[in-house]
Structure formats: structure tokens, C-alpha cells
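Bear in mind that the values in this text are calculations on the coordinates, not laboratory data. Predicted, not measured: the structure shown is a model, and the values here were computed from it. Cβ coordinates were reconstructed from backbone atoms using ideal geometry, including for glycine residues, and neighbour counts include every protein chain displayed.
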């Protein structure tokens, strides 16, 4: 009797342990990547190694820098700030004293013009600019949404403040044509701006913010 008692009690304990639910371990699965045991290179920065590295970088990039420097010297750039000068009759003549190779690019730089202001950025209608069927969608274009009771196309402050300065070029008293095509991104022309959207009722108010648009050009 005494020999059978321990065996029955041991069997009871074993069955209780097997029936108890096992606790899930939060220990991550072992891998060399998670345990940061991957092979690594730890170079010793000796003076000879550092000097050799700098010499190699200098041999590669010094010629590139010299070529870029000489190429930039051939670029002719004229910067003219004229808003504070007295320009008679709206014209000002500047002579280019150095020969300029084509193509010649013209850029405007506007200071103190906060075009990232929230009210200015939101004052436009993407659907109106994309499809002609949405020409009257001016819900997000205030305050430049309606004029004389009709929707403005294109509407909004961004279109209303179109920069309206003019310029011309001449060579030996002969006017040079300025090409204004191909200056926009192809992705914008294909997906953001429709080819059948024409200006309507634009800049017809008493206060004009910029230049006018040709109603026959989309």
C-alpha cells in the first residue's frame, strides 16, 4: 500500500501540470539580425588611413570642381532690381555686355509675396482646372469666385494674382521672339490641367490683380 501511494500522487501531479494552460513567452524568435550579431566591419582610423582617404577624395573631386568652376564662369547672368527705380513710360533698357548663348532663360523673383499662406493656397479649384464640365465649381475660390453674377474661370486668388510684367529682347534693333511653351511639367499638363478649359469672365471686376488671359487659349 505504501509503495502504490506515491505513484498515484505523482501521477496526479503530472496530469495537473499537463492540463494547465501554457503561458505564451514574449521572447522574440532568435536570429542574428534581431540580436545584432551580424558580421560587422570596424575599421581603425589610423593617421595613414585617414590621409589616404582624403587624398583619394581630393584626386576625384578637385578636377570635377575645377571643371564646374570654369563652366559657371561662361554663364551670363543679369540681375536687375527695378521696383525702386524711376522707369519712364513703363520701359527700361538693359544692354548685355557679354555674348549669351541660347537657350536664354528669363526668371522673376518676388520678395515679400507670401504664396504659402493658407488662405492663398486654398483659394483655387482643381476640378475646374481639370474638366470643362466643372467650370462653375467655385466653392473653394473665395473671395475671387464670382464676378458680375457669373463664375470666374480660372477662379481663386492664385489665378487672380497672375504676374503681369512684360519684357522683350532685341538684337541689332531686331526683335527676338520669346517662346513661352514647354515651361510647365508634363505631369501637370496631363493630369492636373485640362485642354478644354478656357478662361471665362476673368479679370472683369473693378480691381485687377494681374494680367489678363486669352479666352481662346486653354
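So for the pair residue 134, residue 38, with labels modelled 7 Å out along Cα→Cβ, what separation do we get in nm?
So the two model labels end up 4.5 nm from each other.
Using 1/(1 + (r/R0)^6) with R0 = 22 angstrom and r between the beta carbons of residue 95 and residue 180, what's the FRET efficiency to the nearest 0.05? Kindly include the intermediate steps, with their values, before the conclusion.
Working: r = 24 Å, r/R0 = 1.07.
For residue 95 and residue 180, the calculated efficiency is 0.40.
Give the order of 66, 100, 146 when sorted by the count of other beta carbons within 10 angstrom, beginning with the fewest. Please report the intermediate quantities before stating the final value.
Values: 66 10, 100 13, 146 16.
Lowest to highest Cβ neighbour count: 66, 100, 146.
Just to be sure I understand the model, the point goes 7 Å from the Cα along the line to the Cβ. What's the resulting residue 66 to residue 81 distance in nm?
Between residue 66 and residue 81, the simple spin-label model gives 3.7 nm.
Listing 160, 49 from the residue with the fewest other Cβ atoms within 10 Å to the one with the most, what is the order?
On the way: 160 22, 49 11.
Neighbour counts put them in this order, fewest first: 49, 160.
Between residue 172 and residue 195, take the C-beta separation as r, use R0 = 35 Å, and let me know the FRET efficiency to the nearest 0.05. All intermediate terms of the calculation are to be shown ahead of the outcome.
Details: r = 38 Å, r/R0 = 1.10.
After rounding to 0.05, the efficiency reads 0.35.
With a Förster radius of 22 Å, plug the Cβ-Cβ distance of residue 106 and residue 187 into 1/(1 + (r/R0)^6) and report the FRET value to the nearest 0.05.
On the way: r = 23 Å, r/R0 = 1.06.
Given R0 = 22 Å and the Cβ-Cβ separation, E is 0.40.
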